[in-house]
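Read-outs: derived from the displayed coordinates by stated rules, not from any lab. Just so it is clear, the model here is predicted, and its values are computed rather than measured. Cβ atoms come from the backbone with ideal geometry, glycine included; neighbour counts cover every protein chain shown.
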Amino acid sequence: MARYQAPLREINFVLNDILDAGRLTRLPGFSEATPDVLSGLVEEAARLLEEQLAPLSAKSDAGCTFQDGEVIVPEGFKPFYKLYRESGWVGLAQKTEYGGQGLPYTLGKVVEEMVSSANVAFTLYPALTASCFEAIEANGSEEQKKIYLPRLATGEWTGTMCMTEPQAGSDIGAVKTRAYPQADGRYRLEGTKIFISSGEHQMADNIVHFVLARLPDSPPGVKGLSTFIVPKFLLSTDGLPGARNTVRCLSIEHKMGLHGSCTCTLTFENAKGWRVGEPNQGIHNMFVMMNMARIMVGVQGLGQCELATQNAIRYAQERRQGKAASGGETLIEHPDVRRMLLTMKAMTEGARVLAYETGLYVDLSRHHPDAAVRQEAQDWVDLNTPLVKAFCTDAAVELAALAIQVYGGHGYIREHGIEQILRDSKILCLYEGTNGIQAMDLVRRKLTQHEGRLPRRFFERVRNEIPDDAPLRFIAQPLLKAVEDLEATTLWMQDALRTRSEDAAFGGADFLRAFALTYLGYNWLRMSRAALRHADAGFAKSKRVTAEFFVQRLLPQVHALCGTVRNPTQSLMSLSAANF
Ligand SMILES: Cc1cc2nc3c(=O)[nH]c(=O)nc-3n(C[C@H](O)[C@H](O)[C@H](O)COP(=O)(O)OP(=O)(O)OC[C@H]3O[C@@H](n4cnc5c(N)ncnc54)[C@H](O)[C@@H]3O)c2cc1C
């Protein structure tokens with residue numbers, strides 16, 4: 001079975017030494033969120049997750065069961081969810097006026113990383129609840145907020161995100177579910193949604209489905225979508241769950257992994273719903289939820305990277321096999337095993353800075369008193385969202401495969417729990433907008449938004465921080481070269497978008513990886529700088545060696561990727577579908 005020990009030292013290093021999370025206390029409402037308080041809460045969450053959630057992971061791999069329209073979640077999930085919500089973790093970052101804990105979003109991401117390492121399948125139940133909260137908070141009426149937000153903040157009720165239909169996956173504009181207005185102001189929903197996570201279970205007293213549907217007179221495509229609340233149980237006059245609404249679970253999916261998370265087909269037959277926000281503004285309302293959910297999925301990826309990495313390191317430190325040139329006999333002494341472990345460390349630790357920094361920008365964009373700072377932070381959130389989502393989740397699959405490699409044949413055998421990481425991780429590249437869609441978002445939207453201001457901010461910041469002092473020269477020069485190549489490729493992309501859009505789209509995924517690796521280079525620069533003054537010599541050495549590995553073995557990929565992106569695609573696109 002895979003073991004999990006929360007990487008508290010790493011977490012505190014990123015929060016305090018790299019990101020200066022102490023500045024959160026200067027934001028209105030967060031004066032008490034000092035580094036000590038945050039670190040205490042992280043430790044408390046770590047204990048709970050290590051002791052109570054991680055041990056459920058292997059068992060929950062047996063999956064959910066479906067019986068007579070009801071879903072039974074894995075053994076242990078229901079009592080753990082009760083404990084988790086009663087301890088206030090579900091509404092950690094939600095406003096206190098609605099019963100949340102009012103703590104920084106950044107802290108929420110740290111806890112989410114640990115939950116995702118401990119048991120990634122469990123994550124979706126509280127995480128989609130938080131996303132549903134955010135969508136209603138942003139666009140709901142005062143009455144809807146009063147009814148739903150306190151129940152979602154405490155996790156008493158859970159939330160879902162109902163978009164996908166058989167014909168509407170990436171192409172959300174193809175949604176067919178209909179919402180017919182009724183005389184009493186409510187709506188009658190008719191349709192079928194597939195792949196709905198947490199769509200049915202008995203862990204909460206009610207389930208709030210946040211549904212994308214089409215009004216009868218709406219225009220086609222994304223411009224004709226609206227959002228609705230459809231509760232599993234209708235509310236009685238005292239506000240408590242009463243009669244069952246006619247949204248039902250028809251079946252659950254049998255999946256490659258993530259078995260503890262139920263994935264439901266839901267039918268809406270004469271189901272009662274309430275519109276959220278203005279008619280035909282559904283895609284905007286859904287994007288409030290989706291953007292936050294994309295960061296959440298990236299953090300799920302980070303959690304799986306950490307799980308794969310720490311198990312592979314432990315195993316390689318313990319298993320004796322052959323004699324290395326150094327004379328050592330454990331796997332970790334063999335250069336090729338070391339290559340894999342350093343790849344895992346460099347990607348995981350670099351990705352953690354990217355993910356937490358994005359969380360910090362969310363806090364700044366929401367709470368900073370200065371509008372210009374809020375705007376700049378929002379630019380960073382916009383730029384980073386597809387990077388976090390796609391890079392951290394692709395990395396999870398890559399590192400899970402490397403972990404199996406480090407374990408050798410034993411990694412392929414179920415009892416070690418390492419193959420589960422690979423099975424659980426793959427979905428992260430697919431839901432909340434596939435990673436291909438993330439690449440399109442980066443290239444088509446984020447490079448062009450505000451006349452290219454978002455990538456310009458990145459290049460300016462990194463250039464300004466590249467130092468000229470000897471101890472960091474090993475990373476400064478290669479990073480500068482990567483920035484120059486990426487910047488030139490960004491200009492090429494912006495031009496291609498105007499004149500050769502297929503070239504731009506073809507190169508999107510490689511461009512996203514090049515961008516993320518350059519961002520990680522910037523993160524390794526900052527970590528190397530902080531390590532120079534770190535009190536623990538062993539920790540500082542580990543950071544320095546991992547940074548050197550990153551510079552020598554991973555950062556050079558940026559140049560190869562940029563070269564690939566700039567290749568023409570005309571002949572590749574000229575091959576007809578039939579001749580493939
Ligand atoms: C376990 C699980 C849980 C899920 N949970 C939820 C949930 O809670 N709520 C919900 O609404 N949905 C959920 N989904 C659905 C998920 O979000 C979709 O599966 C995903 O958006 C992709 O849609 P699709 O499967 O139809 O693939 P398709 O859209 O058919 O895509 C197939 C491939 O084509 C590519 N592609 C498609 N269109 C384009 C394009 N325009 N440009 C470039 N490439 C393109 C994609 O990147 C992908 O590689 C879940 C799915 C699974 C499997």
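Per-structure values
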{"quantity": "The range 325-403: chymotrypsin sites (Phe, Trp or Tyr not before Pro) in DSSP coil with no more than 14 other Cβ atoms inside 10 Å", "calculated": "none"}
{"quantity": "Peptides ranked, highest mean first, by Cβ atoms within 10 Å: ranges 302-311, 366-375", "calculated": "302-311, 366-375"}
{"quantity": "Spin-label model distance (nm) - Val545 vs Asn567, 7 Å beyond Cα toward Cβ", "calculated": "3.6"}
{"quantity": "Taking all pairs of distinct alpha-carbon atoms in the range 50-165, Kirkwood radius in angstrom", "calculated": "14.9"}
{"quantity": "Two-decimal Rg to Rh for the range 11-86 - Kirkwood Rh, Cα set", "calculated": "1.18"}
{"quantity": "The chain - charge dipole about Cα centre, Lys and Arg +1 at Cβ, Asp and Glu -1, debye rounded to 20", "calculated": "580"}
{"quantity": "All-pairs alpha carbon distance profile, the range 383-441, 10 Å steps from 0, percent", "calculated": "25, 42, 23, 9, 0"}
{"quantity": "Protection-proxy order for peptides 213-223, 50-60, each taking the mean of Cβ atoms within 10 Å per residue, highest first", "calculated": "50-60, 213-223"}
{"quantity": "Listed pairs Lys95/Lys232; Lys59/Lys145; Lys193/Lys426; Lys109/Lys323; Lys193/Lys345; Lys426/Lys543 exceeding 32 Å between Cα atoms", "calculated": "Lys59/Lys145; Lys109/Lys323; Lys193/Lys345"}
{"quantity": "Karplus-derived HN-Hα couplings along the range 253-262 (A = 6.51, B = -1.76, C = 1.60, θ = phi - 60°), whole Hz, x at Gly and Pro", "calculated": "7, 9, 10, 5, x, 6, 5, x, 9, 7"}
{"quantity": "The chain: calculated mean residue ellipticity at 222 nm from DSSP helix runs of at least 4, using -39500 (n - 2.57)", "calculated": "-17500 deg cm²/dmol"}
{"quantity": "FRET efficiency, 1/(1 + (r/R0)^6) with R0 51 Å, evaluated for Thr192 and Ala372 via beta carbons", "calculated": "0.65"}
{"quantity": "In degrees, nearest ten, helix 371-407 long axis to first principal axis of the chain (Cα)", "calculated": "70"}
{"quantity": "Under 5 Å, built H, 5+ apart or other chain: amide partners of Trp157", "calculated": "Leu152"}
{"quantity": "Quotient of Cα Rg and 2.2 N^0.38 Å for the range 351-404, N being how many residues it contains", "calculated": "1.40"}
{"quantity": "Extended-chain gain in nm, criterion 0.36 nm per residue less alpha-carbon gap, Arg3 and Leu491", "calculated": "171.2 nm"}
{"quantity": "Alpha carbon Rg of the range 155-281, scaled by the compact-globule rule 2.2 N^0.38 Å", "calculated": "1.03"}
{"quantity": "C-alpha center-to-center spacing [the range 198-254, the range 149-184] in angstrom", "calculated": "6"}
{"quantity": "Listed peptides 156-167, 34-45, 565-576 by packing density, highest first (mean Cβ within 10 Å)", "calculated": "156-167, 34-45, 565-576"}
{"quantity": "Derived scalar couplings ³J(HN,Hα) [the range 534-540; Karplus, 6.51 cos²θ - 1.76 cosθ + 1.60; whole Hz; x for Gly, Pro]", "calculated": "7, 6, 8, 5, x, 5, 4"}
{"quantity": "Once the Cα gyration tensor of the range 448-567 is diagonalised, semi-axes √(5λ) in Å", "calculated": "31, 14, 10"}
{"quantity": "Amide H contacts of Ser197 (H built 1.01 Å from N, under 5 Å, at least 5 apart or other chain)", "calculated": "Met161, Cys264"}
{"quantity": "Amide proton proximity set for Gln94, modelled H, under 5 Å, gap of 5+", "calculated": "Gln101, Gly102, Leu103"}
{"quantity": "Percentage, to the nearest whole number, of Cα pairs in the range 327-416 over 18 Å apart", "calculated": "59"}
{"quantity": "For the range 426-443 versus the range 31-104, the gap between their alpha-carbon centres in whole angstrom", "calculated": "26"}
{"quantity": "The chain: equivalent-ellipsoid semi-axes (sqrt of 5 x gyration tensor eigenvalues, Cα, Å)", "calculated": "38, 28, 25"}
{"quantity": "Karplus (6.51, -1.76, 1.60) ³J(HN,Hα), θ = phi - 60°, over the range 74-89, in Hz, Gly and Pro reported as x", "calculated": "x, 3, x, 5, 5, x, 5, 4, 4, 4, 5, 6, 5, 7, x, 6"}
{"quantity": "Charge context of Leu486, other residues only, Cβ under 14 angstrom, K/R +1, D/E -1", "calculated": "+3"}
{"quantity": "The range 324-405: GluC sites (Glu not before Pro) falling in loop per DSSP and having at most 16 other Cβ within 10 Å", "calculated": "Glu329"}
